[in-house]
Amino acid sequence: MKDPYPYILQGLEESPDFYDSNVHQTFADYLISLQESARNLWSSYRSIMVNVDYSDPKIQAVYLVRYYPHYVQMTLEVLRLSPEIFTFGQEINACFFGAGPCPEVAGLAQFLIEHSQKTQSIIAHVYDVDYELWKPGRKITQNFVLPGLWNNNIDWDGKKLDLESANSFESIKDIISNSNLFVFQNCLNEIWNRSIVKNNIEILLEYAPINSFIIIVDLSGYYVNQKMMEDIVEIIEERNKTRNDYKIVGKSKELNVISSLQSPDIVKKYLLTGEDKLIAKKRINFLFLTLRKGEYISDDLLDDIG
Ligand SMILES: C[S@@+](CC[C@H](N)C(=O)[O-])C[C@H]1O[C@@H](n2cnc3c(N)ncnc32)[C@H](O)[C@@H]1O
């Protein structure tokens, strides 16, 4: 995988939303100033139900340096497991839910470099309850990481969309019905109202076009992630009794990925120094569920055919 770190660091250093030389004399001073936020964010993610205020640019900066490079790997690893199934044409229309600064878009681009060179363009529809707040972090992906990793075209759009607001997916039904890929990465453990999210997923299942894929991937170790995936499998099984239009392409209780990425020296020296709560991530453990919409023949019908 191409290392996203240099582009992230360049983005932070060159974006006044993050590093401001009037406030911190050097970029190293700025990284030192992030240590407290790094400890706070680490502690927030240790809660059973996660609640983080991403409006603080320091929290976004820590997210970008400490977690984002590893999270590029999540959607990428899920796609890599079945490149023969995840086939794409010249253009991909994709929706990313709870996307924050969008490492999953970088993961998709990396997969296309490896397995789908005919894909020339991505239209990325980005949705998040904190869509506006995440603008500085997202700009790092749009202006630095994606141009650094992928030479082809990417068009961005998106808006605030709350997975926990009743029928929120109705407002994007036209976009859903024109998309080939839907990704929910790392957002389930911030969900409080599972039943509304399930209703929205049912709306998605309804409007998603034939041959589209849904990828749900989230960290293991959170009860809510496991439960949401089980609930979605139940919804699919129930739906397939009458429609039989979804196949579970992949499902895992846990996937362990040891990171191939090394923190750059400047990060090890000034931010993730190895002290208490400032230890760089070395592996990620996650769960996933992948679905494909199609026109499948039901088992009953196969029995009838003989
Ligand atoms: C841990 S971040 C993950 C961001 C990105 N998907 C990734 O993998 O790095 C969780 C994201 O979920 C978003 N989120 C939390 N609750 C949400 C909700 N109810 N509706 C939509 N997005 C939500 C947060 O704003 C945040 O961007």
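Helix 223-242 against the longest principal axis of the chain: what's the angle in degrees, Cα atoms only, rounded to the nearest 10? Around 20 degrees separate the two axes.
Close amide H partners of Asn178, meaning residues 5 or more places away or on another chain with modelled amide H under 5 Å apart, do not exist here. Put +1 on the Cβ of every Lys and Arg and -1 on every Asp and Glu Cβ in the chain; which of Asn152, Tyr71, Cys95 then has its Cα farthest towards the positive end of the dipole? Checking the options against the dipole of the chain, the answer is Tyr71.
When a footprinting reagent is the concern and you count Cβ atoms within 10 Å, what order do Leu81, Leu76, Leu12 take, fewest first?
Details: Leu81 14, Leu76 21, Leu12 24.
If I rank by nearby Cβ atoms, fewest first, I get Leu81, Leu76, Leu12.
The relative contact order of the chain, computed from alpha carbon pairs under 8 Å that lie at least 6 residues apart in sequence, is 19 percent. What the phi angles of the range 161-176 give under the Karplus curve with 6.51, -1.76 and 1.60, with θ = phi - 60°, is a coupling list of 8, 9, 4, 9, 9, 4, 6, 4, 6, 4, 6, 10, 5, 5, 5, 4 Hz, glycine and proline written as x.
Quick check for you: which residues of the range 197-236 have the amide N under 19 Å from the point 7 Å beyond the Cα of Ser47 toward its beta carbon? Within reach of a label on Ser47: 219-226. The ranking of Phe144, Phe97 from fewest to most other beta carbons within 10 Å of each one's beta carbon is Phe144, Phe97. Across the options Leu12, Asn180, Gly294, the greatest Cα extent toward the positive end of the charge dipole of the chain (unit charges at beta carbon of Lys, Arg, Asp, Glu) belongs to Leu12. Ranked for footprinting exposure by Cβ neighbours inside 10 Å, fewest first, Ile210, Ile140, Ile172, Ile248 give Ile210, Ile248, Ile172, Ile140.
For the range 76-179, trypsin sites (Lys or Arg not before Pro) meeting the loop criterion (DSSP other than H, G, I, E, B) and having at most 12 other Cβ atoms within 10 Å: Lys118.
How much net charge surrounds Phe111 when only other residues with a Cβ under 11 Å from its Cβ are counted (Lys, Arg +1; Asp, Glu -1)? It works out to a net charge of -2.
Each of Ile214, Asn285, Met229 was scored by the projection of its Cα onto the charge dipole of the range 198-306, and the greatest displacement toward the positive side belongs to Asn285; charges sit on the C-beta of Lys, Arg, Asp and Glu. Cα convex hull, the chain: 127 Å³ per residue, rounded to a whole number.
For the chain, what is the charge dipole size about the Cα centre, in debye to the nearest 20, if Lys and Arg each add +1 at the Cβ and Asp and Glu each add -1 at the Cβ? Let's see the in-between values first.
On the way: 30 positive and 42 negative charges, 151 e Å.
Using Cβ point charges on Lys, Arg, Asp and Glu, the chain gives about 720 debye.
Given R₀ = 30 Å, FRET efficiency for Asn285-Val233 by Cβ-Cβ distance, to 0.05?
Numbers: r = 20 Å, r/R0 = 0.66.
That gives a FRET efficiency of 0.90.
Axis angle, to the nearest 10 degrees, between helix 103-115 and the longest C-alpha principal axis of the chain: 70 degrees.
Amide H to amide H, with H built 1.01 Å from N, Ile92 comes under 5 Å of Ser121, Ile122, Ile123, counting only residues 5 or more places away or on other chains.
Sparse packing (at most 15 other Cβ atoms within 10 Å of the Cβ) combined with a DSSP loop state is found for the following GluC sites (Glu not before Pro) in the range 196-296: Glu275, Glu295.
About the centre of its Cα atoms, the range 1-98 shows a dipole size close to 380 debye [charges on the beta carbon of Lys, Arg (+1) and Asp, Glu (-1) only; nearest 20 debye]. For the chain, the longest principal axis of the alpha carbon atoms and the long axis of helix 5-14 meet at an angle near 60°.
Under Stokes-Einstein, with the Kirkwood radius over Cα pairs as Rh, the value for the range 118-187 at 37 °C and 0.692 mPa s is 242 µm²/s. Between the range 181-214 and the range 107-176, what is the C-alpha centre distance in whole Å? Spelled out, the Cα-based centre of one part sits 15 Å from the other.
Only the coordinates and a few stated rules stand behind these numbers; no lab work does. The shown structure was predicted, so the numbers you read here are calculated from the model rather than taken from an experiment. Neighbour counts run over all protein chains shown; Cβ positions are idealised from the backbone, glycine included.
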